[in-house]
Amino acid sequence: MPIHLSHEAVLGGLAALGFFWAFWYKWRFTIWPMLHPNEVKELPYYVPYLGHAYSFLTNLGGLFEYGKRTFSSAQTYLLTVAGEKMYIMSHPPNVHQVLNRLSRDEHDHDKNYHLLMRRFGISEAAITMLSQKPTVSFVQANPNLEPNPQLKTMGDMAHILVRKQLNPGPAYDAFEAVFLDNIDKAMSFDELPPEALLSSLENTKTASLLELVRWTFGRATVDAFFGPALLRVAPDFVHNYNTFDDNIWTFLYKLPTLGGNGNKSIKKLRTAVVAYLGLPEAERDGASWMVKTVITEMTARGMGVHDIAGWLIIIHWGMTSNPWRLVAWMAVHLAHDASLREAVREELAPILAIPGLTNVQLQATVSTEAKHLVSLYNESLRFYNDAISVRELTRDVQSATGETLRKGNMVMLIHRHLLMDEQVWGPDAKTFQPARFLGKEGEALLRNKNFTPYGGGPALCPGRFMSKSGALMFAAWLVSRFNLEIAQGKNKNGKGMPRVDLQTKNGTGVGIMGVKDGDDCVVVLSKRG
């Protein structure tokens with residue numbers, strides 16, 4: 001029998017619901033904090049359990065700004081997202097303590113790595129294997145593996161391999177040479193990536209500057225990391241990676257997308273790398289030291305090709321996602337700022353005239369002599385960076401300012417607040433100033449503890465050398481080889497600068513922020529005499 005509720009009953013129920021909600025809200029955000037004055041205060045929200053989930057997934061930058069307005073900039077606060085508790089921390093002393101001084105028994109970032117590995121299709125068995133220490137007999141029976149006298153887990157060894165590949169040394173030098181040679185080739189008039197071109201005439205080419213950067217870096221990174229064999233077996237790898245990168249936020253947060261592009265593209269990437277791993281070793285010519293070593297190390301521990309493929313894709317993603325966005329912003333500013341462009345050209349002219357330099361030697365000279373270009377690079381890092389470092393607390397700890405942080409909660413370090421602090425960067429902190437890092441004052445800013453674009457401590461990004469090398473040389477070749485003119489009627493934002501996308505999906509919380517959907521910087525390129 002259907003139940004019919006009277007109008008009065010409905011109103012009574014709503015009134016009771018409203019009363020309980022008001023009581024919950026008052027208790028949660030007023031009474032409880034008064035009874036526990038030493039606990040970190042929580043950012044108020046209206047829907048129990050869900051908390052700030054919607055803003056977290058759609059406008060992370062705006063959510064952090066709301067938190068900054070609600071609490072003092074020196075105050076850590078608690079954020080609730082779908083039942084998860086996260087400490088949001090942006091005060092420099094607290095951030096530096098977490099980055100540099102929390103011992104491993106106080107925080108756990110392995111959990112985040114494990115979640116990431118699962119998203120990239122690595123099996124539970126492989127994750128367990130990566131977390132196990134090898135036996136002495138295993139190390140002795142496999143002398144061809146990397147030295148491991150401390151019997152570190154494969155997970156820990158993997159981080160060591162990444163640093164050895166991407167920090168200066170023989171492995172990085174070989175990688176950098178191939179990487180820069182690829183960018184050099186792509187930045188010649190007749191070799192520009194066709195995917196970036198809108199039209200092509202004998203003396204001019206109209207191109208999307210963003211796509212020019214993206215495809216140039218995409219192919220250069222694949223060739224330097226995997227060698228040419230991967231693109232032979234999977235010519236559409238870069239296209240599939242770009243589709244994946246466009247949907248990275250939905251992939252990481254397991255959200256549905258139109259057509260499921262994020263999940264479809266990662267499957268295609270995995271299929272491609274599995275096919276690559278199936279090639280005879282002699283046919284994987286040009287593979288980087290790390291790819292060869294990872295295959296050897298993980299195969300010796302019994303990991304299958306699908307798990308090895310997933311791990312290699314994670315590393316490739318880490319090497320690719322942020323550098324191209326950073327360089328895209330540098331290129332956009334060079335295209336829009338004629339005085340900056342000429343200042344960089346003037347510095348580059350005598351450097352590029354030096355005979356006999358390899359691209360690696362040329363980059364080393366550019367990085368020390370092209371002051372305006374290096375300042376542009378550092379300001380782009382500062383201004384467009386929205387990276388977050390995450391740790392999970394394994395026991396109660398005190399922050400540098402005496403706040404009690406409870407075990408089981410996540411700590412999120414907001415680097416952007418450090419990079420936009422007017423007390424450090426001045427009243428124009430929220431304005432892009434390409435000359436900010438020039439001179440002695442600029443050099444002092446580079447040493448300031450607030451300048452943390454690559455994180456810090458043990459988690460300092462190992463890809464910073466590759467990123468700077470590629471960024472400086474792409475920009476150098478762009479302005480020295482081409483005349484640039486903003487194309488008439490081709491840009492959604494007129495002749496104005498592309499706008500920053502402040503939504504979660506396009507870089508906020510991941511690293512370098514992307515360009516707002518639909519915006520571009522379409523330029524007409526012609527050879528310089």
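Numerical summary
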| read-out | value |
| --- | --- |
| Viscosity 1.306 mPa s, 10 °C: Kirkwood-radius Stokes-Einstein D of the range 3-88 over Cα pairs, µm²/s | 108 |
| Whole-Å semi-axes of the chain's equivalent ellipsoid (Cα gyration tensor) | 40, 31, 25 |
| Relative contact order for the range 334-474, counting Cα pairs under 8 Å that sit 6 or more residues apart, in percent | 25 |
| Kirkwood-based Rg to Rh ratio, the range 321-367, C-alpha trace | 1.05 |
| Of all accessible heavy-atom area on the range 372-486, the percent that carbon and sulfur account for (1.4 Å) | 51 |
| Nearby aspartates and glutamates by direct alpha-carbon distance to Lys527 (threshold 20 angstrom, same-chain neighbours under 8 apart not counted) | Asp181, Asp184, Asp190, Glu191, Glu195, Glu202, Glu211, Asp337, Glu342, Glu346, Glu347, Glu485 |
| Selection of trypsin sites (Lys or Arg not before Pro), the range 45-106, meeting DSSP coil and at most 16 other Cβ within 10 Å | Arg101, Arg104 |
| log10 of Debye I(q)/I(0), alpha-carbon scatterers only, for the range 351-471 at 0.14, 0.17, 0.22 Å⁻¹ | -0.73, -0.95, -1.29 |
| Neighbour net charge for Leu161 - beta-carbon separation under 15 angstrom, K R +1, D E -1 | +2 |
| Mean Cα-pair separation over length for the range 293-398, i.e. relative contact order, pairs under 8 Å, 6 or more apart, % | 24 |
| Non-local Lys pairs in the range 103-235, i.e. 8 or more apart or on different chains, that have alpha carbons under 20 Å apart | 5 |
| Computed Kirkwood radius, in angstrom, where 1/r is averaged over Cα pairs of the range 258-353 | 16.9 |
| For the chain: relative contact order, % (alpha-carbon pairs under 8 angstrom, 6 or more apart) | 21 |
| Net charge over other residues, Cβ less than 10 angstrom from the Cβ of Arg528 (K, R count +1; D, E count -1) | +3 |
| Distribution of pairwise C-alpha distances over the range 4-155, 5 Å bins, in % | 2, 7, 10, 12, 13, 13, 10, 8, 8, 6, 5, 3, 2, 1, 1, 1, 0 |
| Under the Karplus curve 6.51 cos²θ - 1.76 cosθ + 1.60, θ = phi - 60°, whole-Hz ³J(HN,Hα) for the range 31-48, x wherever Gly or Pro sits | 6, 4, x, 5, 6, 10, x, 8, 7, 5, 6, 9, 6, x, 8, 9, 10, x |
| Integer Hz, Karplus 6.51/-1.76/1.60 couplings in order for the range 281-288, x for Gly and Pro | 3, 5, 8, 8, 5, x, 4, 5 |
| Helix 110-119 vs. the chain, principal-axis angle (Cα, 0 to 90°, nearest 10) | 70 |
| Volume of the Cα convex hull of the range 402-503, divided per residue and given in Å³ | 195 |
| Partners for Lys516 among lysines (Cα-Cα distance below 17 Å; same-chain residues under 8 apart left out) | Lys490, Lys492, Lys495, Lys505 |
| Between the range 437-479 and the range 365-417, the alpha-carbon center distance in angstrom | 13 |
| Sorted largest first, extent of the range 333-396 alpha carbons per principal axis (Å) | 59, 30, 14 |
| Ratio of Rg to Rh over the range 360-418 (Cα coordinates, Kirkwood Rh, two decimals) | 1.27 |
| For the range 125-243, convex hull of alpha carbons as volume per residue, Å³ | 151 |
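The values are calculated or read from the model by the stated rules, or taken from the named source; none is laboratory data. Note that the coordinates shown come from a computational prediction; the quantities given were computed from them, not determined experimentally. FYI the Cβ positions are ideal-geometry reconstructions off the backbone, even for glycines, and counts take in every protein chain you see. Keep in mind that these areas ignore ligands, DNA and RNA; they rest on the heavy atoms of the full protein, side chains included. Shrake-Rupley method; radii C 1.70, N 1.55, O 1.52, S 1.80 Å.
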